[in-house]
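The values are calculated or read from the model by the stated rules, or taken from the named source; none is laboratory data. This one's a predicted model, so the numbers in the text were calculated from it and none came from an experiment. Cβ placement follows ideal geometry from the backbone for every residue including glycine, while neighbour counts extend to all protein chains displayed. Just the protein is used for accessible areas: all its heavy atoms, side chains included, with ligands, DNA and RNA removed. Shrake-Rupley method; radii C 1.70, N 1.55, O 1.52, S 1.80 Å.
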Amino acid sequence: MAAYHDFRSVCQAVIEYLHRRIGFDLWLVTRVEGEQWIILQVDDHGGYGVQPGTVFRWADTFCCEMVRGNGPHIAPRTDCIKIYSDTPMSRAVKIGAYLGYPLMREDGSVFGTLCAIHPAPQPNQIVLEQSLVELLARLMATVLTAELKTLDGKRREERLAAQKFIDPVTDLFDHRGWGMLLAAEEDRCARYGSPACVVIIEVRDGDGDSAGGGDAPAIDEERLRVAAGCITAVTRGNDVVARVGDNSLAVLCVECDRGGSRALVARLNESLAGEQINASIGVAHRAPPLTTLPHAWTTATQSAASRDASP
């Protein structure tokens, strides 16, 4: 009886077990991130078509009302609970019965939920399972808390392993190191539903032209070194900075929402302008299920290429 490998495998085992014991067609493990309700794990026996990475509006869900204390953890008949029957989700999907418990972080904040729905009302006896489901939800949260504490250490290990891929001009990670770290962070985002984005800085010559394409003049190495210094000076310790093209520098912003990316771009513009570095900046956020971090990299690159240089 080997131990479960990680939080993801624990979640999958729990929701599969609860389906066998209690029933319900759809079991979910979710993450709450701002206004988003992100699906992390799914056990679907009703053909709902919900996939990991699917995002819903948090305020539209039964779980939002449950977490706020407005509705019960277990509702054998949702049509008897007005706050549930009035939610936008109940109008979009037939939900006859609901079950939900929060997954709490160590500091008492809500990470997400363990929940289930069924199209038809269920017997009142399912309320007797409340203590079991609550216990499993708390155990899942315990595993999650322990795993989250190791994330910074894992990132440090990954970056040490990528140190063999360093660009000699800028002393940043090169294209290969960037690819390794981007893939590792994408797996982490998929596992925990964490926000992240990619920022591309296209360094240009003194006239605002980008080198490396067509007949544009080459940018000297000193300009790239100065630009790299400007970028690393205003990024956070957990962010990854790399040289991903002849004149393209990149930042992988971990645990970063849209407000954080706007603040970073403002700092980048100020830092680059202070050294009279012409550059265009493109930003793209990870937006599951369609936009992974590799997709965000492509989008940010296209955005940077289409923008005018600044200052």
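A few comments on the model shown:
Yes or no, residue by residue, for (1) on the phi < 0 side of the Ramachandran plot; (2) open to solvent by less than 40 Å² (accessible area, probe 1.4 Å); (3) in a loop (DSSP other than H, G, I, E, B):
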{"residue": "ALA233", "(1), (2), (3)": "yes, no, no"}
{"residue": "ARG236", "(1), (2), (3)": "yes, no, yes"}
{"residue": "GLY245", "(1), (2), (3)": "yes, yes, yes"}
{"residue": "LEU264", "(1), (2), (3)": "yes, yes, no"}
{"residue": "ARG267", "(1), (2), (3)": "yes, no, no"}
{"residue": "THR298", "(1), (2), (3)": "yes, no, no"}
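- One residue stands out among those in region 29-77 that are in a strand (DSSP E or B) and surrounded by fewer than 16 Cβ atoms within 10 Å (Cβ to Cβ): the one that is nearest to the chain's Cα centre (by Cα), which is ARG57.
- Screening ASP152, ASP209 for residues that are at pLDDT below 95, open to solvent by 40 Å² or more (accessible area, probe 1.4 Å), acidic (Asp, Glu) and within 24 Å of ALA304 (Cα to Cα) leaves exactly one candidate, ASP209.
- Scanning region 166-207 for residues that are in a helix (DSSP H, G or I), free of Cβ contacts under 8 Å to residues at least 60 places away in the same chain and either within 26 Å of ALA266 (Cβ to Cβ) or over 17 Å from the mean Cα position of the chain (by Cα) (or both) yields ARG176, GLY179, MET180.
- Restricting region 102-111 to residues that are open to solvent by 10 Å² or more (accessible area, probe 1.4 Å) and part of a strand (DSSP E or B), the residue that is nearest to VAL29 (Cα to Cα) is PRO102.
Here is a yes/no grid of residues against (1) at pLDDT below 95; (2) open to solvent by less than 20 Å² (accessible area, probe 1.4 Å):
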| position | (1), (2) |
| --- | --- |
| PRO119 | no, no |
| ASN124 | no, no |
| ALA137 | no, yes |
| ALA161 | no, no |
| GLU186 | no, no |
| PRO195 | yes, no |
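- Flag for SER9 being part of a helix (DSSP H, G or I), farther than 23 Å from GLN130 by Cβ and free of Cβ contacts under 8 Å to residues at least 60 places away in the same chain: yes
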